[in-house]
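**Student:** Okay, handing you the structure first.
Only the coordinates and a few stated rules stand behind these numbers; no lab work does. Only a predicted model underlies this, so the values are computations on that prediction, with no experimental measurement involved. Neighbour counts are summed over all protein chains in view; Cβ atoms, including those assigned to glycine, are modelled from backbone coordinates with ideal geometry.
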Amino acid sequence: MPSAKKQNRNHSKDQDRPLPQIRRVQMDDLDGIIALDQRVTGLAKRGYWRDILERYGRDRRSELFFLVAETQDQNKLIGFIFGEIRAWEFGSAPCGWVLALSVAPEARLHGVGEALFEAISAEFKTGGVDKMRTMVARDNRLHLLFFRGEGMIAGPYIELEKDLD
Amino acid sequence: MRLQVASQLAIYALLELAADPDRQLSVGEIGAKYGISNHHLAKVMNVLGRAKLVRSVRGVGGGYHFSGNARRTTLLDVIELFEDFGAGRSDGNAAGAPGKTTGEGRALAEILREIDEIARATLGSITIATMLKIVERHRGGSPARANVIAGRG
């Protein structure tokens, strides 16, 4: 995965702390991902993550991307991102969708999320699309601040929903 | 939507100062760039000073420099120093709004609340550091020119 390797710069710009290694997910990462997700969300979703890893680690590797970040010295899993290139209806051309991003609380503000974001951006670009999107709850300030900081702006679509009576 | 003039001036002033936190600028220098009267801008700077977003330096060569956290201060934080930007600010059900008890009035209020919520979410998600990146993009320069270290996730 050459594009992800490009993210493996030696140190972050503003911290004297090595940037993480970014690589494709492996089934061996399952426990680490479940543990990280449980720490962040409070929910253990073993079946969900097993299904995701099986799908993203095996199928359509030029369109589905699940990347993990780990410390350079101890190979400890400290973050992950996954997304895919897919088409959409209503006249939308294929683009890269970021579906999830998580960074261990103690590793935040040290460039881990940015390294993951840049790595999946490079994968999307290699995959032939020139736009990436994500969807964030408008009261999720942490994620909104992060994605805005990475240069994302409001897109041309508005998410709509309806209560099913 | 429109911002009050004071909110706009405050954002301009913070962007000028946060682009180089080591630099001091006088009210006159900032005002000259944006065509703002010193009197009006001075009042805005006082509010920003009380919020600890800028610090004044007295004496010859004095002025203001940025003293906030550009990665944590959002546009909404700044705007709310000058105007009420709470949800429902354009609520059609506000006191005195005609037809507020009718079904039509409540329906219109619902739509206006939706617009307000989106506006708040947008302004609350853009920091001064992010704005500096956007400014650089509009200038056609590299974001790295700004000395402020933008948010790192």
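**Student:** Starting from the coordinates of the alpha-carbon atoms of segment A:14-106, obtain the Kirkwood hydrodynamic radius over all distinct pairs and give the value in Å to one decimal. Walk me through the numbers on the way to the answer.
**Tutor:** Numbers: mean 1/r = 0.0699 Å⁻¹.
Result for segment A:14-106 stands at 14.3 Å.
**Student:** Also: Under 5 Å between amide H atoms, partner at least 5 residues away or on a different chain: which partners does A:M132 have, H built in plane at 1.01 Å?
**Tutor:** The answer is A:G96.
**Student:** A further question on this structure: Over the protein assembly as shown, one equal point on each Cα, no solvent: what is log10 I(q)/I(0) by the Debye formula at q = 0.06, 0.07, 0.13 Å⁻¹?
**Tutor:** Results for the protein assembly as shown at q = 0.06, 0.07, 0.13 Å⁻¹ read -0.27, -0.37, -1.07.
**Student:** In addition: Compute the helix-to-body angle for B:103-123: its Cα long axis versus the longest principal axis of chain B, expressed 0 to 90° and rounded to tens.
**Tutor:** Once rounded, one gets 20 degrees.
**Student:** Quick one: putting +1 on the C-beta of Lys and Arg, -1 on the C-beta of Asp and Glu, what dipole do you get for chain B around its Cα centre, in Debye to the nearest 20? Walk me through the numbers on the way to the answer.
**Tutor:** Numbers: 20 positive and 15 negative charges, 109 e Å.
Computed about the Cα centre, the dipole is about 520 debye.
**Student:** Could I ask something else about it? Along the positive direction of the dipole of chain A (beta-carbon charges: Lys, Arg +1; Asp, Glu -1; about the Cα centre), which of A:L101, A:L142, A:T71 reaches farthest?
**Tutor:** A:T71
**Student:** Another one. I need two numbers for chain B: Rg to one decimal and Dmax as a whole number, Cα atoms only, in Å.
**Tutor:** Values for chain B (Cα only, Rg and Dmax): 18.2, 63 Å.
**Student:** Taking only DSSP H segments of four or more residues, each worth -39500 (n - 2.57), what value at 222 nm results for chain B once the sum is divided by all its residues, to the nearest 500 deg cm²/dmol?
**Tutor:** Values: 6 runs with 73 residues, N = 153.
Helix contribution divided over all residues of chain B: -15000 deg cm²/dmol.
**Student:** Between A:K45 and B:A42, what is the spin-label point distance in nm, taking each point 7 Å from the Cα along the Cα→C-beta axis?
**Tutor:** 5.7
**Student:** Give me the compactness ratio for chain A, meaning the Cα radius of gyration over 2.2 N^0.38 Å. The partial results should precede the final answer.
**Tutor:** Working: Rg = 16.0 Å, N = 165, 2.2 N^0.38 = 15.3 Å.
Cα Rg divided by the expected 2.2 N^0.38 Å: 1.04.
**Student:** Then there is this: May I ask you to sort B:M1, B:M45 by Cβ crowding, counting other Cβ atoms within 10 Å and putting the fewest first? If you can, show how the numbers build up before the last one.
**Tutor:** Numbers: B:M1 11, B:M45 24.
Result, fewest neighbours first: B:M1, B:M45.
**Student:** Near B:K33, which aspartates and glutamates are there with a Cα under 20 Å away, not counting those fewer than 8 places off in the same chain?
**Tutor:** Hits, sequence-local ones excluded: B:E16, B:D20, B:D22, B:E136.
**Student:** With +1 on the Cβ of every Lys and Arg and -1 on the Cβ of every Asp and Glu, and nothing else charged, how large is the dipole of the protein assembly as shown about its Cα centre, in debye rounded to the nearest 20? Before the final figure, lay out the partial values.
**Tutor:** Details: 45 positive and 40 negative charges, 186 e Å.
With Lys and Arg at +1 and Asp and Glu at -1, about 900 debye.
**Student:** Calculated FRET efficiency, A:D130 and B:E117, Cβ-Cβ r, R0 30 Å, to nearest 0.05?
**Tutor:** Working: r = 31 Å, r/R0 = 1.03.
The calculated FRET efficiency here is 0.45.
**Student:** Could you pull out the pairs from B:K52/B:K133; A:K131/B:K133; A:K131/B:K52; A:K76/B:K52; A:K162/B:K133 whose alpha carbons sit more than 30 Å apart here? All intermediate terms of the calculation are to be shown ahead of the outcome.
**Tutor:** Details: B:K52/B:K133 23 Å; A:K131/B:K133 19 Å; A:K131/B:K52 39 Å; A:K76/B:K52 39 Å; A:K162/B:K133 36 Å.
Checking Cα-Cα distances, A:K131/B:K52; A:K76/B:K52; A:K162/B:K133 exceed 30 Å.
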